[in-house]
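The block underneath contains the structure these notes are about, expressed in structure tokens.
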Amino acid sequence: MIRFENVGLRYGTGPEVLRDISFTLPPGSFHFMTGASGAGKSSLLKLMYLAHRPSRGLITLFGRDMARAKRGDLPALRRQIGVVFQDFALLDHLSTLDNVALPLRMSGASEADVVEHCTEILRWVGLGNHLHALPSTLSGGQQQRVAIARSVINRPRLLLADEPTGNVDDGIGMRLLYLFEELHKLGTTVVIATHNEALIRRFDHPRLHLENGRLHVMPAQAARWA
Amino acid sequence: MALPLYRKRFDLPLAKDPTSRFLTWLTALIVYLAALALAGALVVSDMARRWDSGLAGGLTVQIAPLPDAAASPLNERVEAALTVLRSTPGVKTANALTSDDTARLLEPWLGPEAADPLLPMPRLIDVVTDGPVDVDALTLRLKSAAPGATLDDHAVWLADLRNFAGAVHLAALGVVALIGGAGVMAVVFAVRAGLAIHRHVVELLHLMGATDRYVARQFESHVMSLTLRGGLGGLGLALATLVGIGRASAGLRASLLPNVSLEVWQMGLLAIVPVMACLLAMVTARWTVLRTLETLP
Ligand SMILES: Nc1ncnc2c1ncn2[C@@H]1O[C@H](COP(=O)(O)OP(=O)(O)O)[C@@H](O)[C@H]1O
Ligand SMILES: [Mg+2]
């Protein structure tokens with residue numbers, strides 16, 4: 001599904017934020033990504049969702065060498081990746097439904113399909129009564145669920161979440177994680193960056209741990225007792 | 001508007017941008033000026049066509065009254081000139097205008113006093129040709145037969161008039177090109193501003209897999225609705241101005257003014273101006289967005 005070989009990333013002329021990152025995520029896997037604040041979790045995710053190009057190294061995504069992919073091919077690849085951004089990145093002027101609809105409309109879905117699917121998924125995350133609300137009128141937890149609904153509406157092959165449980169209490173965080181578990185069971189490859197050790201311990205998944213710009217892959221059992 | 005199906009939906013909240021109203025007004029102004037320039041060119045075309053049909057295939061001979069008492073009287077010299085003219089190959093008819101006719105021709109310049117018999121007035125001979133005339137040779141023969149005769153070859157000043165009409169066309173074209181260029185720059189500026197204001201949204205759409213064309217389309221349809229609105233306003237204003245000028249000139253008695261009113265089909269032709277402005281703005285918007293987005297990974 002995704003493979004990094006000796007990948008390095010630096011911003012501008014600064015020091016390397018990520019160094020010699022090598023790992024492989026098999027299709028259908030579920031990983032947590034951990035590391036102190038500033039360790040480079042967001043940066044690594046950005047490389048995965050093609051927001052940055054690496055300073056060096058090789059990234060293979062969906063079996064394709066990203067260094068050789070043409071710029072025109074990237075939008076189609078990006079549409080197969082669902083991203084829950086750290087700050088949700090909802091569009092303030094669009095309703096909940098229109099926010100969730102963005103990926104569908106970009107792929108050229110018909111208006112009838114858009115409304116049907118978006119309504120369905122918003123019910124599924126418990127926002128059936130807020131279809132036409134603006135994001136600013138929703139609570140943090142509700143906004144997070146909109147962001148998650150939007151990230152999965154297109155049935156992505158790869159789902160990346162940047163601290164999705166960042167500012168919700170553990171109860172809601174747990175519910176969100178069960179949501180990701182559902183998707184995982186449907187075959188989606190999932191990577192979730194999080195600080196929340198309590199949540200990590202509740203689920204039996206391997207861990208990508210970042211420290212000093214380097215990555216350590218920890219298997220599921222070790223992750224649980226680390 | 002209330003129907004959800006017809007609701008205009010933009011992922012980018014462009015309508016609230018400060019540049020939006022500016023672009024509408026600017027398009028109105030540009031279309032107004034361009035429509036007036038085009039109308040001017042059409043009026044001059046009409047005039048040139050009328051001159052052409054009125055003057056082509058003709059010569060005018062003018063016989064001046066001579067103060068020299070030794071010269072033969074004016075009437076005799078006119079007759080002599082007519083004889084020369086009628087024997088010249090290429091000349092179909094040659095007719096002398098009476099003094100009254102001449103006075104009438106000069107009235108717009110001289111007023112009713114043109115008919116005063118005390119004014120020394122030249123006599124004019126209207127010549128219609130049906131073939132090439134050797135103008136130089138004819139001039140020489142006229143001068144010897146009728147002193148004081150001068151030959152006006154219409155071709156000479158027809159060429160001048162045609163040059164003038166061409167110059168007006170060129171000027172109109174230049175005006176349209178200039179303000180069109182200003183319009184293109186304004187659209188580039190407005191779209192760049194829009195991209196900067198909504199940079200985070202544009203980047204988000206980009207990361208979610210929006211193609212550059214998808215983002216460009218949003219700007220295109222936004223610019224289309226703005227410039228179409230402005231353009232129609234400008235066109236309405238231009239038509240109102242033209243109708244006003246037509247009314248005002250119809251009220252004038254001076255026959256010196258050319259006919260400045262436009263036919264209905266010519267007014268219809270002016271309707272192309274806002275359409276062209278709108279298309280140009282859309283192409284410019286797309287080009288600007290695509291150029292800018294190329295800098296994203
Ligand atoms: N756009 C950027 N420009 C320059 N430096 C950046 C940028 N984004 C992140 N960094 C730096 O990269 C390092 C890793 O940041 P980040 O990936 O956000 O870490 P995390 O998500 O784990 O907190 C930090 O030192 C941060 O200052
Ligand atoms: Mg981060």
*Residues A:ARG56, A:ARG64: which one is away from chain B (no Cβ under 13 Å), within 20 Å of the chain's Cα centre (by Cα) and basic (Lys, Arg)?*
A:ARG64
_Just checking, does the range A:159-167 include any residue being part of a strand (DSSP E or B), within 14 Å of chain B (Cβ to nearest Cβ) and away from ligand 1 (no atom under 16 Å from the Cβ)?_
yes
*Please tell me if A:THR188 is more than 16 Å from ligand 1 (Cβ to nearest atom) and of a type in the set (Ser, Thr, Tyr).*
yes
*Give the residue, chosen from A:ALA89, A:ALA76, that is within 16 Å of ligand 2 (Cβ to nearest atom), closer than 23 Å to A:VAL152 by Cβ and open to solvent by 10 Å² or more (accessible area, probe 1.4 Å).*
A:ALA89
*For A:VAL100, all conditions in the list (1) within 12 Å of chain B (Cβ to nearest Cβ); (2) open to solvent by 40 Å² or more (accessible area, probe 1.4 Å); (3) of a type outside the set (D, E, K, R) hold save one; what is the number of the exception?*
(2)
_Where the second residue is in a helix (DSSP H, G or I) and of a type in the set (Lys, Arg) and the first is over 11 Å from A:VAL146 (Cα atoms) and open to solvent by less than 20 Å² (accessible area, probe 1.4 Å) and lies in the range A:112-123, which pairs have Cβ atoms under 8 Å and are six or more apart or on separate chains?_
A:VAL114/A:ARG105
*Take A:LEU127 and decide whether it is away from chain B (no Cβ under 14 Å) and crowded, with 20+ Cβ neighbours inside 10 Å.*
yes
_Elements of type helices (runs of 4 or more DSSP H) contained in the range B:98-207, each with 1 or more residues being among the hydroxyl-bearing types (Ser, Thr, Tyr) and surrounded by 14 or more Cβ atoms within 10 Å (Cβ to Cβ)_ = B:99-110, B:135-145
*Inter-residue pairs, beta-carbon under 6 Å, first under 15 Å from B:ASP17 (Cβ atoms) and in the range B:191-207, second open to solvent by less than 20 Å² (accessible area, probe 1.4 Å) and of a type in the set (Phe, Trp, Tyr), 6+ apart*: B:VAL191/B:PHE219
_Tell me whether the range A:71-94 contains one or more residues that are within 16 Å of ligand 1 (Cβ to nearest atom), away from chain B (no Cβ under 14 Å) and within 17 Å of the chain's Cα centre (by Cα)._
no
*Restricting attention to the range B:45-73, which residues are modelled with pLDDT of 80 or more and under 16 Å from B:LEU124 (Cβ atoms)?*
B:LEU59, B:THR60, B:VAL61, B:GLN62, B:ILE63, B:ALA64, B:PRO65
_Testing A:GLY213 on (1) over 23 Å from A:THR96 (Cβ atoms); (2) small (Gly, Ala, Ser); (3) open to solvent by 10 Å² or more (accessible area, probe 1.4 Å), one condition comes back false. Which one is that?_
(3)
*Residues satisfying the stated conditions in the range A:1-58, i.e. open to solvent by 70 Å² or more (accessible area, probe 1.4 Å) and under 20 Å from A:ALA161 (Cα atoms)*: A:ARG3, A:THR24, A:PRO27, A:SER37, A:GLY38, A:ARG53
*asked:* Checking A:ALA51 against (1) in contact (Cβ under 8 Å) with a residue 40 or more places away in the chain; (2) closer than 30 Å to A:PRO219 by Cβ; (3) facing another protein chain (nearest Cβ under 9 Å), only one condition comes out false. Which one?
replied: (1)
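The values are calculated or read from the model by the stated rules, or taken from the named source; none is laboratory data. Owing to the predicted nature of the structure, the values given are computational and were not obtained by experimental measurement. A quick note on method: Cβ atoms are made from the backbone with ideal geometry, for glycine too, and the neighbour counts reach across all protein chains shown. Just so you know, the surface numbers come from the protein's heavy atoms only, side chains and all, with ligands and any DNA or RNA stripped out. Shrake-Rupley method; radii C 1.70, N 1.55, O 1.52, S 1.80 Å.
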